[in-house]
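Have a look at the structure below before the remarks.
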Amino acid sequence: SAVISQKPSRDICQRGTSLTIQCQVDSQVTMMFWYRQQPGQSLTLIATANQGSEATYESGFVIDKFPISRPNLTFSTLTVSNMSPEDSSIYLCSVDDRGTEAFFGQGTRLTVV
Amino acid sequence: GENVEQHPSTLSVQEGDSAVIKCTYSDSASNYFPWYKQELGKRPQLIIDIRSNVGEKKDQRIAVTLNKTAKHFSLHITETQPEDSAVYFCAASIAGGSYIPTFGRGTSLIVHP
């Protein structure tokens, strides 16, 4: 099973600023994902982080707002840009082994004030 | 794309009772159906899964059933305990491919002592 380290675990940020979340996996994985989970809600996929190419974004999410990097097969970052209170949420990175079990980071609880 | 519906959104039971959570999916190509448990403030973790070549799978007090014809699968928890209280997510994906898992909206299970 993959072990994922995600940081920061939480942060309180001022509106208009940006926060970069890091996700480190203990093994090389093909697919890495970023999810948003609003309080009491399900997991909403933001994008798939592709190694060596641009991320693939889901409907409603754009690169300018959520730029993603994937420099290698064990690391990815998600930036939440120009934050507003509506961006307050939990952000989770995940890796998926060939369409089977998904492993999640511990999440980043973001509060925008 | 795949669409996963999950019911109920909230389930309240007495300790020792059974709990059943149901999900339906739309894509007949989906062949892997995991269930995740998310305790408060923690990451989702896989608790049981089932593949489309199996109709039922059991692991101690939890079991999952799959009806491919009807495109629905269910999680059964027997002899519930307070520590079973959590949010449970079902998901559907295609194992072995690059298909991204689609999650249900989650069921908040509350087990009253």
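The values are calculated or read from the model by the stated rules, or taken from the named source; none is laboratory data. Remember, predicted model here, so these are calculated numbers, not experimental data. So basically every Cβ, Gly included, is an ideal-geometry build from the backbone, and we count neighbours across all protein chains shown. Note: accessible area is taken over every heavy atom of the protein model, side chains too, but ligands, DNA and RNA are not part of it. Shrake-Rupley method; radii C 1.70, N 1.55, O 1.52, S 1.80 Å.
Keeping every protein chain present and rolling a 1.4 Å probe, give me the accessible area per residue for chain A in Å². Each step should come with its number before you reach the end.
Numbers: 5320 Å² over 113 residues.
Value for chain A: 47 Å² per residue.
What is the mean number of Cβ atoms from other protein chains located within 10 Å of the Cβ atom of each residue in peptide A:34-47, rounded to a whole number?
3
Quick one: which of A:55-62, A:28-35 comes out on top by average Cβ neighbours within 10 Å, and what's the full order, highest first? Don't skip to the answer; put the middle values down first.
Working: A:55-62: 13.6, A:28-35: 20.4.
Final packing ranking: A:28-35, A:55-62.
Would you kindly find the accessible area of A:Arg70, with a 1.4 Å probe and non-protein molecules such as ligands, DNA and RNA excluded, rounding to the nearest 10 Å²?
20
Taking every residue in B:39-45, how many Cβ atoms of other protein chains lie within 10 Å of its Cβ, on average? Provide the component values of the computation, followed by the final result.
Numbers: counts 0, 0, 4, 3, 12, 9, 5.
For peptide B:39-45, the averaged partner shielding equals 5.
Residues with amide H under 5 Å of B:Asp27's amide H, sequence separation 5 or more or different chain, H placed in the peptide plane at 1.01 Å from N; which?
Close amide H contacts, sequence-distant or interchain: B:Asn3.
How large is ³J(HN,Hα), in whole Hz, for each residue of the range B:74-84 in order, when computed from phi with the Karplus curve 6.51 cos²θ - 1.76 cosθ + 1.60 and θ = phi - 60°, using x for Gly and Pro?
Karplus-based 3J(HN,Hα) across the range B:74-84 equals 9, 10, 10, 10, 9, 6, 4, 10, x, 6, 7 Hz.
Over the protein assembly as shown, with a single point scatterer placed on each C-alpha, what log10 of the ratio I(q)/I(0) does the Debye formula yield at q = 0.14 1/Å?
Taking Cα atoms of the protein assembly as shown as identical point scatterers yields -0.88.
If DNA, RNA and ligands are ignored and the probe is 1.4 Å, what is the ranking of A:Asp64, B:Asp27, A:Asp26, B:Asp17 by accessible area, most exposed first? Present the calculation step by step, with values, prior to reporting the outcome.
Numbers: A:Asp64 130, B:Asp27 45, A:Asp26 95, B:Asp17 75 Å².
Descending accessible area places them as A:Asp64, A:Asp26, B:Asp17, B:Asp27.
Just to check I understand the Karplus step: with θ = phi - 60° and J = 6.51 cos²θ - 1.76 cosθ + 1.60, what whole-Hz values come out for the range A:52-69, glycine and proline as x?
3J(HN,Hα) across the range A:52-69, in whole Hz: x, 8, 5, 5, 9, 9, 7, 4, x, 10, 10, 5, 5, 8, 10, x, 10, 10.
Pop a pseudo-label 7 angstrom from the Cα along the beta-carbon direction at both B:Ile110 and A:Ser5 and give the gap in nm to one decimal.
So the two model labels end up 3.8 nm from each other.
With a 1.4 Å probe and all protein chains left in place, how much of the accessible area of the protein assembly as shown comes from carbon and sulfur atoms, in whole percent? Could the numbers behind the result be given before it?
Details: 5120 of 10960 Å².
Summing carbon and sulfur atoms, their accessible area is 47 percent of the total for the protein assembly as shown.
Using Cβ-Cβ distances only, list the Cys residues of chain A with no partner cysteine under 4.7 Å, sorted by number.
That list is A:Cys13.
Per residue of B:100-112, count partner chain C-beta atoms within 10 Å of its C-beta, then hand back the mean as an integer.
Working: counts 10, 9, 3, 7, 2, 4, 5, 0, 1, 0, 0, 0, 0.
Per residue, the number of nearby Cβ atoms from other chains is 3 on average.
Leaving out ligands and nucleic acids, and using a 1.4 Å probe, what accessible area per residue does the range B:2-66 come to in Å²?
Values: 3550 Å² over 65 residues.
Using a 1.4 Å probe on heavy atoms only, each residue of the range B:2-66 averages 55 Å².
For the range A:15-24, in order, what is each residue's ³J(HN,Hα) by Karplus, 6.51 cos²θ - 1.76 cosθ + 1.60 with θ = phi - 60°, in whole Hz (x at glycine and Pro)?
With the stated coefficients, the range A:15-24 comes to 4, x, 8, 10, 10, 10, 9, 10, 9, 10 Hz.
Return, ordered by residue number, the residues of the range A:1-27 whose backbone nitrogen is under 19 Å from a label point located 7 Å along Cα→Cβ of A:Asn72.
So the set is A:2-7, A:21-27.
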